[in-house]
Amino acid sequence: MRKAVLFSLLPFLALAALHLPASQAFGAENSASDEATDKKKPAVHRITQSDSYMMIEPFYASIVEGSRPLGLLMVGIGLDIPDPALRDRIEHEMPRLRDAYVRSLMAFAATNVRAWRQPDVGALADRLQGVTDRYLARKGARVLLAQVIIRLNK
């Protein structure tokens, strides 16, 4: 008996589904809320909640002894820039500043880094801070070391 009632209602349910708008037939909400969710910005991964912190991609320099490469020195840094105008300037000129950092890191790796001892991170931080201050021609951006890693070849 139940099957007969169910089968007799099936054509009416199918007709009702055909007359509903597509958004209601599939359980979606109204189209205005769909447009609002489409316009939302994608999530951005942030290292810190501070607006003044700017993370910079790591730099690499070869560790060479004699004429033979022994490994790589990797340095990851960030900049703390409280002044918004200075932060905008640095974001605009970041390729040139990165070049200055890489050149300084290569010279540091060639003269101060040896495969059998830890690099002097204090001297490295002072060197990168000096590069930043000279490039900007003023103080206002503070260099923060995130990581310093040596990877030796086998």
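FYI, it's all coordinate maths here, none of it is from the lab. Just so you know, these numbers come straight off a predicted model, no measurement behind them. Methodologically, a virtual Cβ is constructed for each residue, glycine included, from the backbone with ideal geometry; neighbour enumeration extends over all protein chains shown.
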**Prompt:** Between Trp116 and Asn153, what is the spin-label point distance in nm, taking each point 7 Å from the Cα along the Cα→C-beta axis?
**Reply:** 1.9 nm
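Using a 10 Å cut-off around each Cβ, can you sort Ser104, Ser67 from fewest to most neighbouring Cβ atoms?
Numbers: Ser104 19, Ser67 5.
Fewest-to-most Cβ neighbours within 10 Å comes out as Ser67, Ser104.
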**Estimated distance in nm for a label pair at Ala146 and Leu72, the labels positioned 7 Å out from Cα along Cα-to-Cβ** = 1.5 nm
**Asked** What FRET efficiency do you get for Arg103 and Lys39 if R0 is 41 Å and r is their Cβ-Cβ distance, rounded to the nearest 0.05?
**Response** 0.45
